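A.B. asks: Handing you this structure, nothing more for now.
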Amino acid sequence: MKDAIVIDIGGTFLRYAIYRDGELLDLNRTKSPNFIHYPDANLGQLQSVFIDTIEQVIHQTNENGYTCSQVGISFPGPVLDGRVLGAPTMWGEMHDSFELLNALAIRLPNHTFTILNDITAAGWRYLNKTDGNFCIITISSGVGNKVFWNKEVLLGKGALGGEIGHSYYGGEFSDVPCDCGQNGHLGAISSGRGIEKIVSIIKKKYPEAFLQSMLNNTNKVTTHEIVEALRHNDEFSILLLEESIKPLAKSINSIVCSIGIQKFILIGGFALAVGPLYIDTLVKALREIGLFGIHTDDIETMVELGENDDNHCLLGMGHYMFHNSNLKVEYKDLLA
Ligand SMILES: [Zn+2]
């Protein structure tokens, strides 16, 4: 295998490229085939449009002069052996799993497909930059994570794992609603969307700082404005970030104490937009609560920002396809 087509399914765009020798060639995008772009389609139709879109992407790469039989798909939901167990941002509620690998193999029998959960794919980008034991955390509109243990992603039965976004934090944020329908979850507080939600709580805690803040004259504070204010060292926004990051620090503390992971890589639109200040704030919060067994001077080296681009899933997917010796699932096995 020389080249592979790598595809990243996002909520807004489906992005695809050719992966060759650790690089991406001919990066393209098309609208994501989900319920947002096909509001009248039912679940079966959405899944059918998804397969059509993958076929069109392969056709397009052929038109562009590439002939790749290997296709890797980074998917936003839990995936087990090519079976999609859930896809809230793509297909909404699902009562049954969907045999995506099988459906692709039947439609496109001359291609071999590999399907990974998107955060797992992103983690593979960093596998060789670590000793294979680390946690990748994405801080964007929500919060997700995956733990890699001895160079394998660590998942429980039914591909469960990597849901720190839905771990309960509570406290003063116990009534803040999470996208999942419950309240007080880490993702409802520490995510890019979460930090917006807690402004009304934090401004009561620091009324003086809020009066002086760039955010004071805005009707509805958005994540974008918070990031902009942080770039201007706005005191209230720094306090807001410190408060919103505490649940994340607490979760990292639990992971360190429970399984001894000592490397955390932060990606996702919000963390990367805030930049080094995000890591500084997280380190400060971790030092305040302390990490059992870890010297306070070593905390700084435990957390780091990932690369500041949007190619984690595409590069990680390619890396997985070319370097994972356990990759054996092929369409022929499924049709046999
Ligand atoms: Zn939740």
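The values are calculated or read from the model by the stated rules, or taken from the named source; none is laboratory data. For clarity, every value in this text was computed on a predicted model and none was experimentally measured. As a convention, Cβ positions derive from the backbone with ideal geometry for all residues, glycine included, and neighbour counts pool all protein chains shown.
A.B. asks: Somewhere in the stretch 248-268, is a residue among the β-branched types (Val, Ile, Thr) and part of a loop (DSSP other than H, G, I, E, B)?
C.D. replies: Taking every residue of the stretch 248-268 in turn, at least one turns out to be among the β-branched types (Val, Ile, Thr) and part of a loop (DSSP other than H, G, I, E, B).
A.B. asks: With respect to the numbered conditions (1) modelled with pLDDT of 95 or more; (2) surrounded by fewer than 21 Cβ atoms within 10 Å (Cβ to Cβ); (3) out of contact with any Leu (no Cβ under 7 Å at 6 or more places or on another chain); (4) of a type outside the set (S, T, N, Q), which one is the sole condition not fulfilled by Glu163?
C.D. replies: Result: Glu163 fails condition (1) only.
A.B. asks: Applying the selection to the stretch 165-187, what residues are touching a strand residue (DSSP E or B) at 6+ places or on another chain (Cβ under 9 Å) and closer than 21 Å to Ala87 by Cβ?
C.D. replies: Pass one, the stretch 165-187, residues touching a strand residue (DSSP E or B) at 6+ places or on another chain (Cβ under 9 Å): 165-170, 173-179, 182-187.
Within the stretch 165-187, Gly165, His166, Cys178, Asp179, Gln182, His185, Gly187 meet the criteria.
A.B. asks: Within the stretch 187-218, track down each residue that is polar (S, T, N, Q), more than 30 Å from Asn145 (Cα to Cα) and surrounded by fewer than 19 Cβ atoms within 10 Å (Cβ to Cβ).
C.D. replies: Filtering the stretch 187-218 down to residues polar (S, T, N, Q) leaves 190-191, 200, 212-213, 216-218.
Among the residues that remain, those that are also more than 30 Å from Asn145 (Cα to Cα) are: 212-213, 216-218.
Matches in the stretch 187-218: Gln212, Asn216, Asn217, Thr218.
A.B. asks: Could you list, in sequence order, the residues of the stretch 78-110 that are surrounded by fewer than 20 Cβ atoms within 10 Å (Cβ to Cβ), under 19 Å from the mean Cα position of the chain (by Cα) and either in contact (Cβ under 8 Å) with a residue 24 or more places away in the chain or under 17 Å from Ala41 (Cα atoms) (or both)?
C.D. replies: Leu80, Leu85, Pro88, Gly92
A.B. asks: Still on this structure, I have one more. In the set Ile5, Ile36, Ile51, Ile73, which member is surrounded by 15 or more Cβ atoms within 10 Å (Cβ to Cβ) and not in a strand (DSSP E or B)?
C.D. replies: Ile51
A.B. asks: If you don't mind, there's one more thing I want to ask. Please determine, by comparing only the residues of the stretch 8-33 that are among the polar types (S, T, N, Q) and part of a loop (DSSP other than H, G, I, E, B), which one is nearest to Ile58 (Cα to Cα).
C.D. replies: Looking only at the stretch 8-33, we keep the residues that are among the polar types (S, T, N, Q), and these are 12, 28, 30, 32.
With part of a loop (DSSP other than H, G, I, E, B) added as a condition, the list becomes 12, 32.
Numbers: Thr12: 20, Ser32: 15 Å.
Only one residue tops the list, namely Ser32.
A.B. asks: May I pose another question? Can you tell which of Gln45, Gln56 is out of contact with any strand residue (DSSP E or B) (no Cβ under 8 Å at 6 or more places or on another chain) and not in a loop (DSSP other than H, G, I, E, B)?
C.D. replies: Numbers: Gln56 fails: out of contact with any strand residue (DSSP E or B) (no Cβ under 8 Å at 6 or more places or on another chain).
Unique residue meeting the criteria: Gln45.
A.B. asks: Same structure, new question: Under 18 Å from the mean Cα position of the chain (by Cα) and either within 16 Å of the ligand (Cβ to nearest atom) or buried (at least 23 other Cβ atoms within 10 Å of the Cβ) (or both): is that true of Gly184 in this structure? First the steps, then the outcome.
C.D. replies: Details: under 18 Å from the mean Cα position of the chain (by Cα): no; either within 16 Å of the ligand (Cβ to nearest atom) or buried (at least 23 other Cβ atoms within 10 Å of the Cβ) (or both): yes.
When the stated conditions are applied, Gly184 does not pass them.
A.B. asks: Yes or no: Asn145 assigned to a helix (DSSP H, G or I), at pLDDT 95 or above and either more than 16 Å from the ligand (Cβ to nearest atom) or polar (S, T, N, Q) (or both)?
C.D. replies: no
A.B. asks: Can you name every residue in the stretch 1-19 that is among the basic types (Lys, Arg) and touching a residue at least 60 places away in the same chain (Cβ under 8 Å)?
C.D. replies: From the stretch 1-19, those among the basic types (Lys, Arg) are 2, 15; that's our starting set.
Arg15 - this is the single residue of the stretch 1-19 that is among the basic types (Lys, Arg) and touching a residue at least 60 places away in the same chain (Cβ under 8 Å).
A.B. asks: Can you confirm whether the stretch 74-88 contains a residue that is modelled with pLDDT of 95 or more and over 22 Å from Lys157 (Cβ atoms)?
C.D. replies: Yes, the stretch 74-88 contains at least one residue that is modelled with pLDDT of 95 or more and over 22 Å from Lys157 (Cβ atoms).
A.B. asks: Hey, does the stretch 168-177 have a residue that's within 27 Å of Pro39 (Cβ to Cβ) and aromatic (Phe, Trp, Tyr)? So that I can check it myself, show each step before the final result.
C.D. replies: Step one: filter the stretch 168-177 for residues within 27 Å of Pro39 (Cβ to Cβ), giving 177.
Narrowing the set further to residues that are aromatic (Phe, Trp, Tyr) leaves none.
Taking every residue of the stretch 168-177 in turn, none turns out to be within 27 Å of Pro39 (Cβ to Cβ) and aromatic (Phe, Trp, Tyr).
A.B. asks: Are any of the residues in the stretch 132-155 among the β-branched types (Val, Ile, Thr) and farther than 30 Å from Glu304 by Cβ?
C.D. replies: Our first condition is that a residue be among the β-branched types (Val, Ile, Thr); within the stretch 132-155, this holds for 136-139, 143, 147, 153.
Checking the rest, the ones that are also farther than 30 Å from Glu304 by Cβ come to none.
Looking for residues that are among the β-branched types (Val, Ile, Thr) and farther than 30 Å from Glu304 by Cβ, one finds none in the stretch 132-155, hence no.
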